[in-house]
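Engineer: Below: one structure in structure tokens.
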Amino acid sequence: MDMITTIASLTAEALRQTWPDAAGLPDADALRGLISVPPDPAMGDYALPCFRFAKALRMGPPMIAKALAEGWQHGSVARAEALNGYLNFFLNRTDFARSTVQAVLAADGNFGAGTEGAGKTICLDYSSINIAKRFHIGHLSTTMIGNSLKRIYDYLGYKTVGINHLGDWGTQFGKMICAYKKWGNREQVEAGGVDALTELYVRFHEEAKKDPALEDEGRAWFKRIEDGDPEALEIFHWFKDLTLKDAARVYELLGVEFDSYAGESFYVDKTGAVVDALREKGLLTQSEGAWVVDLSEDGMNPCLILKKDGTTIYATRDLAAAIYRHDTYHFDKCLYVVAYQQDTHFRQVFRVLEKMGYDWVKDCVHVSFGMVSFDGQALSTRNGNVVHLDDLLREAIDKARAIIEEKSPNLPGKDEVARQVGIGAVVYADLANNRIKDINFSWERALNFDGETGPYVQYTHARCCSVLRKAAELSLPEPDWNGLADDESQALLRLIERFPDVIREAAAKYEPSMITRAVTDIAQAYNHFYYEHRVLDDDPAVAAARVALTQAARDVIRRGLWLIGIEAPERM
């Protein structure tokens, strides 16, 4: 149990004992949300405003705080003081330091792990790249948010199923084949790979502006794919293999893996059952030749199920996918990590599933996120304005290596460290802020070793490792935990102690940035501690305590970085 929860429980009990007949007093959960850290350590380690209790107790907040402080008797909190309507708590700093550090070290690198997910399954639909297109920076957020959430839920004991729902079906593939048949050849595409396919895709749209009839040819080729035409399918599967081979390089750089690559095409033969079920339930209506589910009573446009030519749309396949995933994995939650522009689409799909009688749709969640731009420029494959992710990652590695050459020319294993730092800088930049915010990627910000960045946190981890290597050469006695009673040590300890709670909040809110923020705060607090106190050059027993705190900080930083998909170099 973390200290804030402990204080909240103790205060709830103190309220009940002091005013046993009062009604409407907050419980421990409500109190927990009110407790904060005072801006000045002299005011206490934690503070609770008593204004919320005034109405229920018919007393002024200063009187409430005074009554609670006078009756406070709990060992884990040395004392409580009343000040201007606040109840300020002062911990037994020595006990807090010992219990926190020992808990982290006893966890052996797994501090904050849990078993609350045992027996539960979470499906995560993320990355979901499009076939015949290069992996670009616009896919970074879905890939890294999904990867981080998967690691978080794994860490809490859930069984997770990572699904790369490939965009491998739709009219665009008919257009790709049309472009290939008109202007491409096998040798050219084999040599150029996905780049060659992208050039054909861009050319198709340029030519279609001059000759709109090309759009009809593209639709006809897609109909041939859907009808199982051998030539169309052979070209389509070839395009798919080329794309996955290209994407594999990016996933390897990012350290991202999936349990399933079942994309839209996987569900094509399952959409018939969905359409039949919708008809049987009387949910399908015809509109201008197409078949839709009317959602006007929900304030939404109709959900298109079958187009005029009888082909399915991605909503149809998403319905089939949701049903398949529930029947196959029996998920407790199914998360769709997809940009916020698809919010209406998922509200429609979830509502149709609800109308079909699937009560488990309440466990389907659209985890939306903002868009990524590069130096303020939006991205568009159709217009040829893209920043390919593998190019971005390799440039990040090159830039990181140049910085390392300048700062640490004698560092061993510079290539490996440059890879870790470069990739980490890109991932951190993506997961640093609330996921719903748009991101403008900037090299200057991402690779800054001094700001709130991936390299800064990684460097702090390396600093901890350096201290521990030096400490290993010494013979230190048992720690004197009184040596961690100073404000800097206590500020760091509070952040470390709260880390398990942050993991659970991140899981509950589908928000990896909470872990990014927490690990950054811990890195900053450790550096403040490091600059204010000589870790090894003090009384040996005090030094032992500071070394133990350094190890705890290192373990939590390393685990936090891992949870957001970043490696932790031991030397920088």
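The values are calculated or read from the model by the stated rules, or taken from the named source; none is laboratory data. None of these values were measured; they are calculated from a predicted model. For neighbour counting, all protein chains shown are included, and Cβ atoms are generated from backbone atoms with ideal geometry for every residue, glycine included.
Engineer: Looking only at residues in segment 190-206 that are surrounded by 15 or more Cβ atoms within 10 Å (Cβ to Cβ) and free of Cβ contacts under 8 Å to residues at least 60 places away in the same chain, which one is nearest to Thr312 (Cα to Cα)?
Structural biologist: At the first step, the residues of segment 190-206 found to be surrounded by 15 or more Cβ atoms within 10 Å (Cβ to Cβ) are 192, 194, 196-205.
Right, trim to free of Cβ contacts under 8 Å to residues at least 60 places away in the same chain and you get 192, 196, 199-200, 203-204.
Values: Gly192: 31, Ala196: 28, Glu199: 27, Leu200: 25, Arg203: 26, Phe204: 23 Å.
Across segment 190-206, the extreme among qualifying residues is Phe204.
Engineer: Just checking, which of Ser489, Ser475 is in a loop (DSSP other than H, G, I, E, B), in the same structural domain as Val417 (by TED's automatic domain parsing), of a type in the set (S, T, N, Q) and more than 20 Å from Tyr428 (Cα to Cα)? Talk me through it step by step, then tell me what you get.
Structural biologist: Numbers: Ser489 fails: in a loop (DSSP other than H, G, I, E, B).
Of Ser489, Ser475, the one residue that is in a loop (DSSP other than H, G, I, E, B), in the same structural domain as Val417 (by TED's automatic domain parsing), of a type in the set (S, T, N, Q) and more than 20 Å from Tyr428 (Cα to Cα) is Ser475.
Engineer: Within segment 352-362, restricting attention to residues that are out of contact with any helix residue (DSSP H, G or I) (no Cβ under 8 Å at 6 or more places or on another chain) and in contact (Cβ under 8 Å) with a residue 60 or more places away in the chain, which residue is surrounded by the fewest Cβ atoms within 10 Å (Cβ to Cβ)?
Structural biologist: Per the stated criteria, the residue is Gly357.
Engineer: Residues Leu91, Leu83, Leu48, Leu87: which one is in contact (Cβ under 8 Å) with a residue 24 or more places away in the chain and touching a Cys at 6+ places or on another chain (Cβ under 8 Å)?
Structural biologist: Checking each option against the conditions leaves just Leu87.
Engineer: Name the pairs: first residue in segment 1-15 and without any contact (Cβ under 8 Å) to a residue 60 or more places away in the chain, second residue of a type in the set (Val, Ile, Thr), Cβ to Cβ under 8 Å, at least 6 apart or on different chains?
Structural biologist: Ala8/Ile35
Let's see how each residue does on (1) within 30 Å of Ala568 (Cβ to Cβ); (2) surrounded by fewer than 18 Cβ atoms within 10 Å (Cβ to Cβ); (3) among the hydrophobic types (A, V, I, L, M, F, W, C):
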site	(1), (2), (3)
Lys55	no, yes, no
Pro61	no, no, no
Gly75	no, yes, no
Arg79	no, yes, no
Leu91	yes, no, yes
Phe96	yes, no, yes
Leu105	yes, yes, yes
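Engineer: Only one residue in Arg534, Arg546 is within 33 Å of the chain's Cα centre (by Cα) and farther than 22 Å from Thr453 by Cα, so which one is that? Spell out how you get there, then give the answer.
Structural biologist: Numbers: Arg534 fails: within 33 Å of the chain's Cα centre (by Cα).
Every option except Arg546 fails the conditions.
Engineer: Of all residues being in a strand (DSSP E or B) and crowded, with 17+ Cβ neighbours inside 10 Å in segment 28-53, which is nearest to the chain's Cα centre (by Cα)? Just the residue, please.
Structural biologist: Tyr46
Engineer: Quick one: what pairs do we get from segment 472-488, first residue over 17 Å from Tyr526 (Cβ atoms) and touching a residue at least 12 places away in the same chain (Cβ under 8 Å), second part of a loop (DSSP other than H, G, I, E, B) and among the acidic types (Asp, Glu), C-beta under 9 Å, 6+ apart or different chains?
Structural biologist: Partner pairs satisfying both residue conditions: Asp480/Asp539.
Engineer: Also, I was wondering about something else. Please indicate, with yes or no, whether at least one residue in segment 329-351 is touching a Leu at 6+ places or on another chain (Cβ under 7 Å), at pLDDT 95 or above and surrounded by fewer than 18 Cβ atoms within 10 Å (Cβ to Cβ). Even if it seems obvious, please write down each step before you answer.
Structural biologist: Applying the first criterion (touching a Leu at 6+ places or on another chain (Cβ under 7 Å)) to segment 329-351 yields 335, 337, 348-349, 351.
Subset that is at pLDDT 95 or above: 335, 337, 348-349, 351.
This time we only want the ones that are surrounded by fewer than 18 Cβ atoms within 10 Å (Cβ to Cβ), so: 351.
Yes, segment 329-351 contains at least one residue that is touching a Leu at 6+ places or on another chain (Cβ under 7 Å), at pLDDT 95 or above and surrounded by fewer than 18 Cβ atoms within 10 Å (Cβ to Cβ).
Engineer: Considering only residues that are of a type in the set (Gly, Ala, Ser) and either touching a Phe, Trp or Tyr at 6+ places or on another chain (Cβ under 8 Å) or closer than 13 Å to Arg494 by Cα (or both), which ones fall in segment 4-46?
Structural biologist: Taking segment 4-46 as the starting set, the residues that turn out to be of a type in the set (Gly, Ala, Ser) are 8-9, 12, 14, 22-24, 28, 30, 33, 36, 42, 44.
Correct list: Ala14, Ser36, Gly44.
Engineer: Is it fair to say Val194 is among the β-branched types (Val, Ile, Thr) and at pLDDT below 95? Break it down into steps so the answer makes sense when it comes.
Structural biologist: Values: among the β-branched types (Val, Ile, Thr): yes; at pLDDT below 95: yes.
Taking the combined requirement at face value, the residue satisfies it.
Engineer: I'm trying to understand the selection: among the residues of segment 251-265, which are in contact with a strand residue (DSSP E or B) (Cβ under 9 Å, 6 or more places away or on another chain) and surrounded by 12 or more Cβ atoms within 10 Å (Cβ to Cβ)?
Structural biologist: Of all residues in segment 251-265, those in contact with a strand residue (DSSP E or B) (Cβ under 9 Å, 6 or more places away or on another chain) come to 256-264.
Result: Val256, Phe258, Asp259, Ser260, Tyr261, Ala262, Gly263, Glu264.
Here's the yes/no breakdown for (1) out of contact with any helix residue (DSSP H, G or I) (no Cβ under 6 Å at 6 or more places or on another chain); (2) under 30 Å from Ala339 (Cβ atoms):
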{"residue": "Ala446", "(1), (2)": "no, yes"}
{"residue": "Asp450", "(1), (2)": "yes, no"}
{"residue": "Ala471", "(1), (2)": "no, no"}
{"residue": "Leu474", "(1), (2)": "yes, no"}
{"residue": "Glu478", "(1), (2)": "yes, no"}
{"residue": "Ala485", "(1), (2)": "no, no"}
{"residue": "Leu495", "(1), (2)": "no, no"}
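Engineer: How about segment 101-129: which of its residues are among the aliphatic types (A, V, I, L, M) and out of contact with any His (no Cβ under 7 Å at 6 or more places or on another chain)? Write out each step before concluding.
Structural biologist: In the first step, residues of segment 101-129 are kept if they are among the aliphatic types (A, V, I, L, M); the result is 101, 103-107, 113, 118, 122, 124, 129.
Of everything in segment 101-129, those that are among the aliphatic types (A, V, I, L, M) and out of contact with any His (no Cβ under 7 Å at 6 or more places or on another chain) turn out to be Val101, Ala103, Val104, Leu105, Ala106, Ala107, Ala113, Ala118, Ile122, Leu124.
Condition check ((1) farther than 22 Å from Glu264 by Cβ; (2) of a type in the set (Ser, Thr, Tyr); (3) touching a helix residue (DSSP H, G or I) at 6+ places or on another chain (Cβ under 7 Å)) across all residues:
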site: Tyr158; (1), (2), (3): yes, yes, no
site: Thr171; (1), (2), (3): no, yes, yes
site: Gly184; (1), (2), (3): yes, no, yes
site: Asp195; (1), (2), (3): yes, no, no
site: Asp211; (1), (2), (3): yes, no, no
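Engineer: Continuing with this model, one more query. Determine which single condition Tyr155 fails, assuming it passes every other condition in (1) among the hydroxyl-bearing types (Ser, Thr, Tyr); (2) at pLDDT 90 or above; (3) within 27 Å of Thr312 (Cβ to Cβ).
Structural biologist: In the conditions (1) among the hydroxyl-bearing types (Ser, Thr, Tyr); (2) at pLDDT 90 or above; (3) within 27 Å of Thr312 (Cβ to Cβ), Tyr155 misses (3) alone.
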